[in-house]
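These notes are about the structure you will find just below.
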Amino acid sequence: MTEYDVIVIGAGAAGLMCAAQAGQRGRRVLVVDHAKKPGRKILISGGGRCNFTNYDVTASNFLCENPHFVKSALAQYSQWDFIGLVATHGVAYHERDHGQLFCDDSAKDIVNLLLAECDQATISQRYRCEVHDIEQEEAGFRLKLNGEPVRCQSLVVATGGLSMPKLGATPFGYQLAEQFGLKVLPTRAALVPYTLHQEDKTRFADISGVSVPCSITTESGVCFTENLLFTHRGLSGPAVLQTSSFWQPGEAVTIDLLPSESLKDVLVAMRDKHPNQTLKTSLSRLFPKRLVEVLIARDSLPDKPLKQLDDKQLDQLHHYFHQWSIAPNGTEGYRTAEVTLGGVDTHAISSKTLEARDIPGLYFIGEVLDVTGWLGGYNFQWAWSSGWVAGQHV
Ligand SMILES: Cc1cc2nc3c(=O)[nH]c(=O)nc-3n(C[C@H](O)[C@H](O)[C@H](O)COP(=O)(O)OP(=O)(O)OC[C@H]3O[C@@H](n4cnc5c(N)ncnc54)[C@H](O)[C@@H]3O)c2cc1C
């Protein structure tokens, strides 16, 4: 029977990072994946340019039942370490809003970087490989790869979350955790667009493609100021994706369509200067015209000359645009979600090594764990940090 020091299941971001590190320590590593090739999510990430990390990464950028869990790995292998690795490989990158770092050319550069790091005599890779019959032995694990029995001392589960099943996402990691008696916290799609109730969907269909800066606040009080994008299915854009991780089914979200100014002040100033200007014309100076038309029709806003609007109506308009409330029907689910909330409960995992506390040699890294980053490169940073840390211990 072939024996390895380490078998990593999942050749995604976390698995390849872990394999590279373990291999560099001289461990004999096998990376297996049921997909045809490695890093498929990396390739499509960040619109094909992979938002691979962020200049500003702290534990507060992550959702996890145990909020301190991510601290150790992020400190052991930080964004600066990964940025250094990117520079070593000569990958050109640039910063966008909020410290997000993207490749200049292609996300392929990141996959190539990881494969170059894994290009060592100690590491082999197998694709189109199904993993079955995992059993714990006295000094490690025995499993079957496409029916062939193999052994390893350390087994690393890097099979990711459930988002984008078309790209090979499976619940394998959760099932394995449960097989070993570990708790798996309920999962749901996150960083995902909202769908709308039929009436709103029809109304907003006409403004599909319109994007506005705004602040969106969930019922739990979490607020993100970013762009909102109307689509033919519902609401998307970074503000929506960010809040979707905090939104619960049935809740409404409150949208401030003019977060940096007071609408009442602006309308009063306009009324003083152009008293005969209609509300529609006035609002169209602040928001996309097509959005104004839809809102006026949807909510019967008083489209009169400004001089005919009294203080009460101005207050109502102010409230409407600063606290526009809409109840999503749901989300687009795993089909388009970037990540999965929930997963393997971190309470049973060592934050310092990523090893299951009660199962020596079994490691969980990356998105399969109950660790979900905000939009902005945080999910990849978690994959790099957790993969690197496990790679030092397997
Ligand atoms: C469209 C999209 C865009 C994204 N953009 C960004 C971004 O720009 N920045 C960012 O930080 N995050 C982004 N993310 C999130 C990021 O891709 C993930 O958080 C990250 O890839 C998780 O890494 P991972 O290694 O844990 O899992 P993955 O990268 O998903 O890798 C898991 C691997 O396990 C394999 N696998 C699954 N089941 C099995 C099985 N049963 N047997 C064998 N192998 C299996 C899969 O084929 C896959 O190769 C994006 C996600 C999506 C879907």
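Please treat every number below as a calculation from the coordinates, not as lab data. These numbers were taken from a predicted model, which means no experiment stands behind them. Cβ: placed from backbone, ideal geometry, glycine included. Neighbour counts: every protein chain shown.
With a simple spin-label model that places each label point 7 Å from the Cα along the Cα-to-Cβ direction, the separation between Lys289 and Glu219 comes to 3.9 nm. Structure note, pairs Lys108/Lys352; Lys201/Lys312; Lys37/Lys166; Lys183/Lys352: Cα-Cα distances above 24 angstrom occur for Lys108/Lys352; Lys201/Lys312.
Across the options Ser211, Ala252, Thr281, the greatest Cα extent toward the positive end of the charge dipole of the stretch 194-331 (unit charges at beta carbon of Lys, Arg, Asp, Glu) belongs to Thr281. Taking Cα centre as origin and charging only the Cβ of basic (Lys, Arg, +1) and acidic (Asp, Glu, -1) residues, the dipole magnitude of the chain rounds to 820 debye. Along its three principal directions, the equivalent ellipsoid of the stretch 243-394 from the Cα gyration tensor extends over semi-axes of 52, 15, 12 Å, largest first. Straightening the chain between Ser350 and Lys280 buys 19.4 nm, computed as 0.36 nm per residue apart minus the Cα-Cα spacing. For Ile7, what charge total do you get from the other residues with a beta carbon under 14 Å from its beta carbon, if Lys and Arg give +1 and Asp and Glu give -1? Its environment carries a net charge of -2. Ignoring lysines fewer than eight residues from Lys307 along the same chain, the ones with Cα atoms less than 18 angstrom from its Cα are Lys264, Lys273, Lys280. Sorting the Cα pairs of the chain by distance into bins of 20 Å, from 0 upward, gives 27, 47, 21, 6, 0 percent per bin.
For the stretch 261-340, the list of GluC sites (Glu not before Pro) that fall in a loop by DSSP and count at most 15 other C-beta atoms within 10 angstrom reads Glu261. Centre-to-centre separation between the Cα atoms of the stretch 148-215 and those of the stretch 305-384: 11 Å. Extent of the stretch 73-187 along its three principal axes (Cα atoms, max minus min coordinate, largest first): 46, 39, 32 Å. With 10 Å bins beginning at zero, the pair-distance distribution over Cα atoms of the stretch 194-331 amounts to 12, 43, 32, 12, 1 %.
Across the stretch 46-60, coupling constants 3J(HN,Hα) worked out from phi with the 6.51/-1.76/1.60 Karplus curve, θ = phi - 60°, read x, x, x, 10, 6, 7, 7, 6, 9, 5, 10, 10, 9, 4, 6 Hz, and Gly and Pro carry x. Mean sequence separation of contacting Cα pairs (under 8 Å, at least six apart), scaled by the length of the chain, corresponds to a relative contact order of 26 percent. By the beta-carbon count within 10 Å of each Cβ, the least crowded to most crowded order of Cys18, Cys129, Cys152, Cys214, fewest first, is Cys129, Cys214, Cys152, Cys18. When only Cα pairs below 8 angstrom with a gap of at least 6 residues are kept, the stretch 183-253 shows a relative contact order of 37 percent. Using a Gaussian network model of the chain in which every pair of alpha carbons under 10 angstrom is joined by a spring, one finds that among Ser282, Ser106, Ser351 the greatest mean-square fluctuation is at Ser282.
Tell me which GluC sites (Glu not before Pro) from the stretch 113-168 have a DSSP coil assignment and no more than 12 other beta carbons within 10 Å of their own. Walk me through the intermediate numbers first.
Values: sites: Glu117, Glu130, Glu135, Glu137, Glu138; in loops: Glu130, Glu138.
Here the sparse-neighbourhood loop sites are Glu130, Glu138.
Here's the list of aspartates and glutamates a cross-link from Lys71 could span, going by alpha-carbon distance under 18 Å and ignoring same-chain residues fewer than 8 apart: Asp56, Asp81, Asp345, Glu355, Glu367, Asp370.
Residues Asp345, Asp105, Asp206, Asp33 in ascending order of nearby Cβ atoms (within 10 Å, fewest first): Asp105, Asp206, Asp345, Asp33.
Work out how much length Ser300 to Leu115 would gain on full extension: take 0.36 nm times their residue separation and subtract the Cα-Cα distance, in nm to one decimal. Intermediate values should be presented prior to the final figure.
Details: separation 185, 0.36 × 185 = 66.60 nm, distance 5.79 nm.
Extra length from Ser300 to Leu115 when fully extended: 60.8 nm.
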